[in-house]
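Asker: Quick one: the structure is below, and I'll ask about it shortly.
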Amino acid sequence: MNQFLRDRILRKLDTLSDERAYQVLDFVEFLESKYAERQNPSANVFQRFAETVEDKLRAGRVSAATISETMSLMNKAMGVLSGVAAAGKSVANDIVGAASSLTTPSAPLTDGAAPVPPADAERPAGALPPPAGEPR
């Protein structure tokens with residue numbers, strides 16, 4: 001569907017009551033079942049759950065205003081759950097990153113040269129260190 005047609009339909013839908021909008025939804029779903037040229041894109045888990053609840057309320061003859069309020073509350077709850085899921089994913093990624101950095105071998109501390117003994121090891125016992133500025 002082109003963007004111009006989509007915008008025009010949305011402007012028309014904005015003028016309808018919720019009850020009439022549900023009738024339009026029923027008609028669109030009917031047309032989709034008969035004439036859809038491609039499959040409807042898959043909704044995420046939260047959207048599928050909300051649509052199932054909405055369909056059950058409609059089948060139970062609940063008023064359109066009540067359904068609208070219920071769906072508004074569910075939309076807010078889904079926003080919170082999406083935020084929690086994103087935060088959980090971020091924490092999990094941080095844990096995996098930290099764990100992988102602990103298991104990765106670190107670079108050697110020296111460049112392969114022989115270790116340098118401390119300056120005190122080269123001096124005989126009781127000898128004073130060299131004056132400042134002179135090599136040890």
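Asker: Taking residue 25, is it free of Cβ contacts under 8 Å to residues at least 40 places away in the same chain, surrounded by 12 or more Cβ atoms within 10 Å (Cβ to Cβ) and of a type outside the set (Phe, Trp, Tyr)?
Answerer: Numbers: free of Cβ contacts under 8 Å to residues at least 40 places away in the same chain: yes; surrounded by 12 or more Cβ atoms within 10 Å (Cβ to Cβ): yes; of a type outside the set (Phe, Trp, Tyr): yes.
It is true that residue 25 is free of Cβ contacts under 8 Å to residues at least 40 places away in the same chain, surrounded by 12 or more Cβ atoms within 10 Å (Cβ to Cβ) and of a type outside the set (Phe, Trp, Tyr).
Asker: What tally of residues in region 28-73 results from selecting those that are loosely packed, with under 10 Cβ neighbours inside 10 Å, closer than 20 Å to residue 9 by Cβ and of a type in the set (S, T, N, Q)?
Answerer: 2
Asker: Next question. Take residue 80 and tell me if it is in a loop (DSSP other than H, G, I, E, B), among the hydrophobic types (A, V, I, L, M, F, W, C) and not assigned by TED's automatic domain parsing to the domain that holds residue 16. Break it down into steps so the answer makes sense when it comes.
Answerer: Numbers: in a loop (DSSP other than H, G, I, E, B): no; among the hydrophobic types (A, V, I, L, M, F, W, C): yes; not assigned by TED's automatic domain parsing to the domain that holds residue 16: yes.
No, not satisfied.
The values are calculated or read from the model by the stated rules, or taken from the named source; none is laboratory data. Bear in mind that the values here come from a model prediction, so they are computed numbers and not experimental data. So basically every Cβ, Gly included, is an ideal-geometry build from the backbone, and we count neighbours across all protein chains shown.
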